[in-house]
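Before any comments, here is the structure.
The values are calculated or read from the model by the stated rules, or taken from the named source; none is laboratory data. Since this is a predicted model, take the numbers as computed values, not measurements. Note: ideal-geometry Cβ built from the backbone for every residue, glycine included; neighbour counts use all protein chains shown.
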Amino acid sequence: METYTCICGNTLFFENSRCVQCQRLVGWCPGCDRITSLLDLGNHQYQCGHSDCQILLTQCHNYQVHQICNRCIANEAVSTSPALCDYCQYTDIIPDLSVPGNHQRWYELEVAKRRLLYILEILQLPFGNNQPDFNPPLSFDFKGDIILKDALWRTVGQGKRIFTGHANGKITINIREADDDVREQLRVDFNEAQRTVVGHFHHEIGHYYWQLLVKERWLGHFKDMFGDHENPLYSEALERYYASGPPRNWQQEYVSAYATMHPWEDFAETFATYLDMVSVLHTAIHHQDANATAYVQETEFDDMVAAYKRLGILLNELNRTLGLIDFIPEILTPPVIKKLRFIHDLVHAAQNINHSVPI
Ligand SMILES: [Zn+2]
Ligand SMILES: [Zn+2]
Ligand SMILES: [Zn+2]
Ligand SMILES: [Zn+2]
């Protein structure tokens, strides 16, 4: 992730919608692909504050009305009413905003989703939602459990539980994952090294790319590397995992305990770790004043892994200095690195596939 500069000289971050120094509105400009100062032209019209761009902009509806987005749309590209930005168009279902706290939960989820889509674009990975030849189309549902009031339990049943997961291009996230206390409790209950909202997106998009990229073209390679996804059946593997846990010494072959559950989960966990690695390196390289995007697109896999390991030692030690959990808990053993290389090769091959580019 990069940082940006306000017209007043202040540093801006990817999440910002207002400069804390000059109080100007700021937002993402699709003309120059930067967070930019928004010059107010009146009547909800803005101009990009970068002198080398200056295009006319409209705020995304979710920015202007709900303050959960910070992206703008080039005026000539406004085609929907309400005008939703390129990223908000991927969200099909938003939380019930009449429930206290759901606005903040929605905000947290959209922030993480924007980071996900940004890194997918940096990696030139295909994704799409309304192009006719794009199968499966990508979309997101952010939904909460339906908890019935006590008095209604007996008459109306058990309510409805929402499971975070992926099915046929649809990524569903249970909005309770946006609550720090709930998520941390789940992390402890499931004995996970980390549990973050961004991490959920990095994992679930792995399932999406399995369907988009692996299923048709890479299935033989996939089975050689991760095992047969049809044997055992997913439901059996799930039951077994929650009954008896991961095998001993799983760290030698797998990136996480959950990855041992089934080849699909191994793939998604490895894919998530690859996105973690690329996102962290992209940020680190940017802060060394180098071309971060060229780095993650062009650097040899072995060099990236070596850089990530070096950085991981530093970051883990820094976290331990302050008593925080490890920044990079994964142990990159040779079998894990082999699987990561599979993801790397898959990502690079996908860059050359002629999918329609997202809107
Ligand atoms: Zn400013
Ligand atoms: Zn611009
Ligand atoms: Zn938006
Ligand atoms: Zn999964």
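General remarks:
- Residue list for the range 63-96, filter: touching a Ser or Thr at 6+ places or on another chain (Cβ under 6 Å) and of a type in the set (D, E, K, R): Asp92
- Contact annotation: residue pairs with Cβ atoms under 9 Å, 6 or more positions apart or on different chains, pairing a residue in the range 289-301 that is in the same structural domain as Tyr274 (by TED's automatic domain parsing) with a partner that is in a loop (DSSP other than H, G, I, E, B), are Ala292/Met1; Ala292/Glu2; Thr293/Glu2; Val296/Leu123; Gln297/Leu123; Gln297/Gln124; Gln297/Gln351.
- When Gln59, Gln64 are checked against the criterion of being within 14 Å of ligand 3 (Cβ to nearest atom), within 20 Å of Leu12 (Cα to Cα) and out of contact with any strand residue (DSSP E or B) (no Cβ under 7 Å at 6 or more places or on another chain), Gln64 stands alone in meeting it.
- Residue in the range 321-342 that is among the polar types (S, T, N, Q), surrounded by 12 or more Cβ atoms within 10 Å (Cβ to Cβ) and without any contact (Cβ under 8 Å) to a residue 40 or more places away in the chain present: no
- So Glu2, is it surrounded by 14 or more Cβ atoms within 10 Å (Cβ to Cβ) and either in contact (Cβ under 8 Å) with a residue 40 or more places away in the chain or among the charged types (D, E, K, R) (or both): yes
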